[in-house]
Amino acid sequence: MPLTLFLFIVGVGLLVGGAELLVRGASRLAGSFGVSPLVVGLTVVAFGTSAPELAVSVQASFDGRSDLAFGNVVGSNIANILLILGLAAVVTPLVVSRQLVRLDVPLMIAASVLLYLMALDGSISRVEGIVLFIGVVTYTTLLIRYGRRETALARAEAGIESAPPGGPWVANAALVAVGLGLLVLGSWWLVNGAVAIATALGVSELIIGLTVVAVGTSMPEIATSVLASIR
């Protein structure tokens, strides 16, 4: 059990470190190709901080542990709203933009309702998975278009023609590669550790996924949100 806990904690650490390297490298890489910081924030940072959940859920799915994969996703979303936003608001009150209230929050609720309806029959099929994936691609595309339009207007008003370089692309690509490697290794250790903990405690993998694994994979969001609220 002590070794299992150690591997679980190390797995969480690797996930957090991998996500940090992935976000840093991808952000700089995007900057080196002239992508605006706004678009990077809407896409790279958002997906990068969710990389641990993705890595763990994919690993759990490959291992045939659906409860752990599904529990991680649902638990992480609950933790994102209740734990992360709660902590950030405790540190300092948060200002909510009208766009979030009018568009993003309703979309989040709609996505949750859609997931609920899909899960009523006890499974998420490949077709339903494709529908969910198309949804996030569409949403991301709209965000990128909106971000580019807003950034272009801001640059035109300021008289700026291009974005500043993001640094050597080879080094940034290396950061992305190392980050992905840490995510894969960390997810493997975390999943195996979570399964062992569930077995030792006599609880289901779903409960472990909804609680311990969900909070562990939400560490990047916790750090990002709390630091952002302080700044």
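A few remarks follow.
- Of all residues in the stretch 90-98, at least one satisfies being of a type in the set (Gly, Ala, Ser) and without any contact (Cβ under 8 Å) to a residue 40 or more places away in the chain.
- Some residue of the stretch 115-122 being aromatic (Phe, Trp, Tyr), surrounded by fewer than 14 Cβ atoms within 10 Å (Cβ to Cβ) and more than 21 Å from Phe47 (Cα to Cα): yes
- For the stretch 139-146, the count of residues that are of a type outside the set (A, V, I, L, M, F, W, C), closer than 27 Å to Val58 by Cβ, in contact with a Lys or Arg (Cβ under 9 Å, 6 or more places away or on another chain) and modelled with pLDDT of 80 or more is zero.
- Wholly within the stretch 1-69, helices (runs of 4 or more DSSP H) carrying at least 1 residues that are surrounded by 16 or more Cβ atoms within 10 Å (Cβ to Cβ) and modelled with pLDDT of 70 or more: 2-32, 46-49, 51-62
- The residues of the stretch 101-129 that are within 16 Å of Phe70 (Cα to Cα) and in a helix (DSSP H, G or I), listed by number, are Ala111, Ser112, Val113, Leu114, Leu115, Tyr116, Leu117, Met118, Ala119, Arg126, Glu128, Gly129.
- Any hit, the stretch 147-155, residues being closer than 16 Å to Val12 by Cα, of a type outside the set (S, T, N, Q) and either in a helix (DSSP H, G or I) or at pLDDT below 80 (or both): no
- Among the residues of the stretch 174-197, those identified as more than 9 Å from Leu22 (Cα to Cα) and either surrounded by fewer than 17 Cβ atoms within 10 Å (Cβ to Cβ) or not hydrophobic (A, V, I, L, M, F, W, C) (or both) are Ala174, Gly181, Val184, Leu185, Gly186, Ser187, Asn192, Gly193.
- Within the stretch 70-117, if we keep just the residues that are polar (S, T, N, Q) and under 20 Å from Val12 (Cβ atoms), the residue that is modelled with the lowest pLDDT turns out to be Asn80.
- Consider the stretch 156-172 and keep the residues that are small (Gly, Ala, Ser) and assigned to a helix (DSSP H, G or I). The one that is modelled with the highest pLDDT is Ala171.
- Applying a threshold of 7 Å to beta carbon distances and a minimum spacing of six or more residues, or different chains, the list of pairs starting in the stretch 200-213 at a residue that is farther than 16 Å from Ile9 by Cα and ending at one that is acidic (Asp, Glu) and assigned to a helix (DSSP H, G or I) reads Ser204/Asp67; Glu205/Asp67; Leu206/Asp67.
The values are calculated or read from the model by the stated rules, or taken from the named source; none is laboratory data. It should be emphasised that the depicted structure is a prediction, and the values quoted were computed from it without experimental measurement. In this analysis, Cβ positions are derived from the backbone assuming ideal geometry, glycine residues included, and neighbour counts consider all displayed protein chains.
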